[in-house]
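Participant: After the structure tokens below, expect a handful of questions from me.
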Amino acid sequence: MPSPPPPPSPPHPIKAAAAAEEEKDGDNHLSSTSSRDTDPLLSLTSAHSIIRLIQCPRCSLPLRTPLRLPCGNTICKSCLPPIRQRTGITYPANEERKQGFTCYWGGDAAGCCSGEHCLGDCGTDVLLGRVVDVFEEVLGKVHDGGCDGDGVGWCDVKWERKSMNTTRLEGEVQGKGLETEAKTETETEVCVARIRRDDLLRGVYGLVKEGRVGYDDLLEVGDDNTTFEEGQRQQSYKRLKEAVRGELDCQVCYSLILDPLTTSCGHTFCRGCVAMVLNHSDLCPLCRRKLNMASTVRAEPANGRISDLVETLLPEQVASRREGSSNEDGVATTGDGERTIPLFVSSLSFPTMPTFLHVFEPRYRTMIHRVMQTRDKKFGMVMYNRSGRRQEGLGRAQFMQYGTVLVVERFELLPDGRSLVIASGVSRFKVISFEMVDGYHVGRIQRVDDIAISEEERLESLETSSGTGESPSPASSPPESLSTQQLFQIALDFIDKSRREGAAWLHPRVLLAYGEVPTDPAVFPWWFACVLPLWEDEKYQLLSTTSVRDRLKMVVRWVRKSESRECPVLTYLAPSAGVFTSFTPFSMSVSISFGSPRPVDPDRRQRAQSQDSGGSYIPQTLVMGVFLAIFATQMAINVVQIRRARRREPR
């Protein structure tokens, strides 16, 4: 058995161990037909497989303050490797992320661990800690009596215990005097213990609790002629199973945890429940601590210990839970994470940003009507393939391959069948294939997620450390050599400069629609792409990126093109560019329009400002006041006319 804990989705430990034990010695365990129909056959090996679920792979004791590592493995808090300071990392800029350590499983051939972990990503596994307490409560009591004079109630158990001994040898090397050499030898010791044959789980747990049985040790029966009776042994397993089941409910959906995901604060939920919560908030549902995993929730490793516990003790309930939740969101989903979703072919949309739609085409009226009947109210937004480029798997499709999943926030149906929709971006996707349904496209999509925060930090450290020893100015350095925080600061400085110079694309009414400048580097590129008057083909490249750092590097390239006048679209817009907001009498109906941008030379802009300085300027407040006065006057005239008409009616 390998040294790391079992992978997230191992074969059923009880059944596999029981099959191996039967193959080795068919007389080691017997069970009645009735008990075999209700519970798995427990052997000595399968009993140790169950106890190993709460055993630390380092100290081999039951887990004490279990600490869940970012790679999915779990150890005792006291078994944590030495802590060191991390360098070359500026995003996320949290104090808790400045310390790290090298994981024990960093060189694992399975490649499940990157080797370096941040201390801030390691949290005390609250759920697993409660499960360990349940094991102690059910199995920790010592038997009193129960053995006859011939020792029929006991059986001998043996195992090989391996220990590492390091000795130092001193030898004489020619011309160099004495040299010390360390030699490590592995010693094997055969251990024997006696446990009760009618309660194997309790007996194995007692050996593990005493530190006598290691995590990788293989238990065998000392006497080949020993047979086991069911009785209390099966009863202990049932009590343990019922007690553990009461702890394995997700605190979001209140059902058995499926695909358990543990947050950095130590709480465990279903992965789907975490994704649903993060669509609306970035806080833990229990402790309200901020979670930095909104875009990486699908890529985060599952909690291996909780997953093994659920699969081992409750296999039938897990199968039933998976079958019931496979299609509960109303969207068809396949096993490889793909699903089908209706596509609205119009323009670019970005995650976390609003999209305003006026739906008038009959095909999209039908589509939106069907979307509003689903529980999640989601659809996909893709932009037109204006250049007719060929795309992988789609050919020369009418739309681009990458898009954004939108969820409808506000919907208003107009009397003539048109509708006004305000939707918010949730996630990104890649269209694998598509078909036509009632005139609109329905695509089979694959979700596009960002890499994990730990991988983001590793890439930043790698890129910034590979530069030269000199520290040139960030303004003249290539984006690849700058830290993530420096990239973000360059973009913020450009925003401040453009706002001081009166850039029309930073008009207050534009900010009213898309919000103020985000302070989160992960959200900033989406906001910047929404407000910046740039060709959509350039903005489209953001959708396929999987790193915050890569998106910030693209933003910096746009800023430098603007400052060097290589990109005329980024020059200042004339005051007549026509950025305006119109509010209709319908509630929650907002229409934002942008006039066609035309580049203006800075000298010409200054001349226009000097010419306008002598003219008149009508404040917006005055315009609104005049409009309200006219409206009030018209209402008064209508009231007077109605009263006159009533007086003229014959009595």
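Participant: When region 527-540 is examined, which residues are found to be within 10 Å of V555 (Cα to Cα) and open to solvent by 10 Å² or more (accessible area, probe 1.4 Å)?
Facilitator: K539
Participant: Related question: For region 263-300, how many residues meet the condition of being in a loop (DSSP other than H, G, I, E, B) and open to solvent by less than 40 Å² (accessible area, probe 1.4 Å)?
Facilitator: Total meeting the criteria: 12.
Participant: Looking only at region 42-68, how many residues end up being modelled with pLDDT of 85 or more, part of a loop (DSSP other than H, G, I, E, B) and either touching a Leu at 6+ places or on another chain (Cβ under 7 Å) or buried (at least 24 other Cβ atoms within 10 Å of the Cβ) (or both)?
Facilitator: Number satisfying all stated conditions: 2.
Participant: Same structure, new question: So Q486 passes all but one of these: (1) modelled with pLDDT under 90; (2) under 27 Å from the mean Cα position of the chain (by Cα). Which condition number does it fail?
Facilitator: Among (1) modelled with pLDDT under 90; (2) under 27 Å from the mean Cα position of the chain (by Cα), Q486 violates only (1).
Participant: Return the residue satisfying two criteria in turn: it lies in region 493-513 and is part of a helix (DSSP H, G or I) and either open to solvent by 40 Å² or more (accessible area, probe 1.4 Å) or assigned by the TED database to the domain that holds M353 (or both), and of such residues it is nearest to D550 (Cα to Cα).
Facilitator: This residue is D493.
Participant: Let me spell it out: the conditions are (1) part of a loop (DSSP other than H, G, I, E, B); (2) open to solvent by less than 50 Å² (accessible area, probe 1.4 Å), and D416 meets all of them except one. Which number is the exception?
Facilitator: If we test D416 against (1) part of a loop (DSSP other than H, G, I, E, B); (2) open to solvent by less than 50 Å² (accessible area, probe 1.4 Å), just (2) comes out false.
Participant: Take the residues in region 69-109 that are assigned to a loop (DSSP other than H, G, I, E, B) and among the aliphatic types (A, V, I, L, M), then tell me which one is most open to solvent (accessible area, probe 1.4 Å).
Facilitator: In this case the residue turns out to be A109.
Participant: Let me ask another. Quick one: S255 ticks every box in (1) modelled with pLDDT of 80 or more; (2) surrounded by 17 or more Cβ atoms within 10 Å (Cβ to Cβ) except a single one, so which number is it?
Facilitator: Just one mismatch for S255, condition (2).
Participant: Then there's this: Which is open to solvent by 30 Å² or more (accessible area, probe 1.4 Å) and modelled with pLDDT under 85, of E242, E210, E247, E220?
Facilitator: Only one candidate qualifies: E220.
Participant: Same structure again: For region 357-370, how many residues are open to solvent by 60 Å² or more (accessible area, probe 1.4 Å) and among the hydrophobic types (A, V, I, L, M, F, W, C)?
Facilitator: Selection size over region 357-370: 1.
Participant: Tally time: how many residues in region 303-319 are in a loop (DSSP other than H, G, I, E, B) and either at pLDDT below 80 or crowded, with 19+ Cβ neighbours inside 10 Å (or both)?
Facilitator: Here the count works out to 1.
Participant: Being part of a loop (DSSP other than H, G, I, E, B) and among the hydroxyl-bearing types (S, T, Y) is the filter; apply it to region 371-397 and report the residue that is most open to solvent (accessible area, probe 1.4 Å).
Facilitator: S387
Participant: Considering only residues of region 452-477 that are open to solvent by 60 Å² or more (accessible area, probe 1.4 Å) and at pLDDT 80 or above, which is farthest from G106 (Cα to Cα)?
Facilitator: Residue satisfying both the conditions and the ranking: S465.
The values are calculated or read from the model by the stated rules, or taken from the named source; none is laboratory data. Keep in mind the model is a prediction, meaning the values are calculated, not measured. Cβ: placed from backbone, ideal geometry, glycine included. Neighbour counts: every protein chain shown. We work out accessible area using only protein heavy atoms, side chains counted, and drop any ligands, DNA or RNA first. Shrake-Rupley method; radii C 1.70, N 1.55, O 1.52, S 1.80 Å.
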